[in-house]
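Data first, discussion second: the structure below is written as structure tokens.
The values are calculated or read from the model by the stated rules, or taken from the named source; none is laboratory data. Please read all numbers here as calculations on a predicted model, not as lab measurements. With ideal geometry, Cβ positions are generated from the backbone for all residues, glycine too; neighbour counts draw on all protein chains shown.
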Amino acid sequence: MSARLFVGNLPFDVTEAELRELFSPIGPLSYVFLPVDRESGKKRGFAFVEFGDEAQAAEALRRFNEQLFRGRNLAVSEARAKDSRPYSPAAVRPRVPRLPDAFDSPGPADSGMRRERRGRDEGRRHAKPGGRNTRFEGPAKKGPRRERAGGRVFGLDADEVEEFEDSFEEEEA
């Protein structure tokens, strides 16, 4: 019966021929797989090798795990099926249902939910007059704003500024 091994921490430029040569003292490999990255097309730094005999795979595991190969320590272990991987919360993301926006076109499925939500919000907004949940009506009316005298006038010469100030004083009087 065949046995598959995972070989990790490989140099990124390793070839299938080099892997076959590395494991040749143990026995011939029946299968070699070097995964590549989908986007870049570069090798990912690990491989799967398969021996025809389980005894050969056990010998390769014992002999080549933590063995130095082209400046790197190999990590050799038994390959696991995809289903038997340990649970990783980052790998499994629950699907979160999307609530309709105010900009969504109302359809038969969500029109009832909108009515329900609108009614619930209206009740909350006016629960306490003057409280936190009331609708914002704007700033309180305090009367007309006072005109502020003073400041700088830009873009005028000194003579024009004097004329402007004189006319301003005449208007006040």
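Key figures
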{"read-out": "Region 80-109 - residue that is surrounded by 10 or more Cβ atoms within 10 Å (Cβ to Cβ) and at pLDDT 60 or above and, of those, nearest to VAL14 (Cα to Cα)", "value": "ARG80"}
{"read-out": "Check on SER77, assigned to a strand (DSSP E or B), surrounded by 13 or more Cβ atoms within 10 Å (Cβ to Cβ) and among the small types (Gly, Ala, Ser)", "value": "no"}
{"read-out": "Where a residue in region 46-73 is closer than 12 Å to PRO11 by Cβ and its partner, wherever it lies, is among the small types (Gly, Ala, Ser) and not in a loop (DSSP other than H, G, I, E, B), with Cβ under 8 Å and at least six apart", "value": "PHE46/GLY8"}
